[in-house]
């Protein structure tokens, strides 16, 4: 029988790996699209768009990981505000200001009141949208925690099935059959994309599948991943041949096609890192990288813009896909080093 048993382990290796892996995929997501947007279908084109769709799993993995970590603990409102909510608010202000300082030409005209009003309404740079979404999840965490503490296995199954149907499958169906629409008055916000992923992450983290069923489950998840990825690439290539340009209908992280990439990844990496013993050195390295992933996320877009000439040089001298991979690794390593330096500064360390 499949059971739910709350994971109370303070340090799980697969958390570190998922953070690191998802963080790298964020960089991939923000750097690989120029290949398939600038070329015609070819082996490189197909590989780049496959790489792109794999990278779309980054945000769902991060949200599921947040759910796995946050929803297992009962925070007091004071703890939640001081450790989570205030930290995110200060991070938005400090790093938005930093971005503004670096990239705005006329900084002498900077008005702090106007600036604060602006970042309340929208992120200063597109990747920072995630901070606003995360802030919302943090605010809802105590209520969600109280709710799921009373869930049994059937409750979780019901929640996840409804979430996948209405947040994942239904929007996918309407993309290709737009006449299929239910009433705008029918709303189920508790099953929205990010709340759904948040609770799903907790569920996957705590689900206990009997050993004799694990192999079959992993095979099914692997097949689901490969099938979904193939479908996304095929349908996107069909859009190209129909319209003469790339139309990314399937890049929304809430669609069932992206769910069926992120969920198997989460399950599979949990299985791998729960059943393989890694050396203390590898665990230490992974832990060190994992502890810098928030800083890497905050800095990566700044470096992508600043090192655009490096990307151009690589593209002129290497195969575009290889150049892209080298550039992504360069950004990741550079952001890691900068983050580790910034973590030496006491006040900044509290944000990172």
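Assorted remarks:
- Distance between the range 228-246 and the range 57-128 - C-alpha centres, whole angstrom: 35 Å
- Where labels lie 7 Å past Cα in the beta-carbon direction, separation of residue 349 and residue 102 in nm: 2.2 nm
- Percent RCO, i.e. relative contact order, over the range 3-349, from Cα pairs under 8 Å lying at least 6 residues apart: 31 percent
- Using a simple spin-label model with pseudo-atoms 7 Å out from Cα toward Cβ, residue 152 and residue 337 lie 5.7 nm apart.
- Gain in span if fully extended, residue 140 to residue 281, counting 0.36 nm per residue against the direct Cα distance: 47.0 nm
- Highest mean packing comes first when the peptides 176-183, 258-265 are listed by Cβ atoms within 10 Å, giving 258-265, 176-183.
- Sequence-distant contacts, meaning Cα pairs under 8 Å at least 6 residues apart, place the relative contact order of the range 74-231 at 21 percent.
- Inter-label distance, residue 161 to residue 82: 4.4 nm, where each label sits 7 Å from its Cα along the C-beta direction.
- A helix-only calculation puts the chain at -22500 deg cm²/dmol for mean residue ellipticity at 222 nm, using -39500 (n - 2.57) for each DSSP H run of at least four residues, averaged over all residues.
- Mean-position separation - Cα centroids, the range 139-154 and the range 176-223, in angstrom: 16 Å
Readers should treat all values here as calculations from the given coordinates under stated rules, not as data from a laboratory. A quick note: this is a predicted structure, and the numbers were derived from the prediction, not measured. A quick note on method: Cβ atoms are made from the backbone with ideal geometry, for glycine too, and the neighbour counts reach across all protein chains shown.
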